[in-house]
1. I need 76, 45 ordered by Cβ neighbour count within 10 Å, fewest first.
2. Normalised by the residues of the chain, what does the relative contact order come to in percent, with Cα pairs under 8 Å and at least six apart?
3. Rank by packing, highest mean first: peptides 161-172, 77-88, 32-43, with packing defined as the count of other Cβ atoms within 10 Å averaged across residues.
4. How many angstrom separate the Cα center of region 67-123 from the Cα center of region 164-203?
5. Would you mind checking the tilt of helix 196-208 against the longest principal axis of the Cα atoms of the chain, expressed as 0 to 90 degrees and rounded to 10?
6. Helix 17-28 versus the longest principal axis of the chain: what angle, 0 to 90°, nearest 10, using Cα atoms?
7. Add -39500 (n - 2.57) for each DSSP H run of 4 or more in the chain, then divide by its residues: what number comes out at 222 nm, to the nearest 500 deg cm²/dmol?
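Where a number appears in this text, it was derived from the coordinates with a stated rule and is not lab data. If you're wondering where the values come from, they're calculated on a predicted model, not measured in any experiment. A quick note on method: Cβ atoms are made from the backbone with ideal geometry, for glycine too, and the neighbour counts reach across all protein chains shown.
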Ligand code: PRP
């Protein structure tokens, strides 16, 4: 029995549409995972990397507490959490847009002085409109945000648009692109200092795989 077995690095991944893309990427970097149905953790065959599968919006909590040293997360979720992480890498996959949208037949001439906006991204929405001096009422929702203009909860939504099919299916249109959203590899700063060499090796493996947007400003 070996007494010197090194614990794997830990990485939180968001369950949902991003997860498959991250798993494909890790696989192309040489990691082999067998993820059994409903299981929320998995370690690669070589015992180097342990994945922790969490709800997207909870991911920064796990990384901030060091439960997962690393995490793969969109800048939308990172902005809402406001945590101070090292951003090690920007992945080429998963880019989306944060947009302002309303009903396709909406007439902006009837808008009130204070814009009413429904969104999951309340911090982003507050900051975006305040920075532009636009009075805003932000209504927090947790999903299916597109219903808000359809049912009259708020004339506008701030939400992610990827293919645009959800907007189209609900007779909505983008009125403004507010921000580009990218997928980042982030690291808890204390974890980075503690495991610098192994994190650097992992990062190297990800970069060598052909993903070239390496952030060199941290660590
Ligand atoms: C996201 C987003 C939009 C949709 C956009 O929702 O909030 O609703 O995807 O994608 P599209 O432009 O490709 O249609 P998600 O699927 O995460 O579900 P949610 O509404 O429960 O948040």
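1. Details: 76 21, 45 9.
In increasing order of surrounding Cβ atoms, one gets 45, 76.
2. 26
3. On the way: 161-172: 14.5, 77-88: 17.7, 32-43: 10.4.
Most protected by this proxy first, the peptides run 77-88, 161-172, 32-43.
4. 10
5. 70
6. With both axes taken from Cα atoms, the answer is about 30 degrees.
7. On the way: 8 runs with 64 residues, N = 219.
Estimated from H runs of four or more residues: -8000 deg cm²/dmol.
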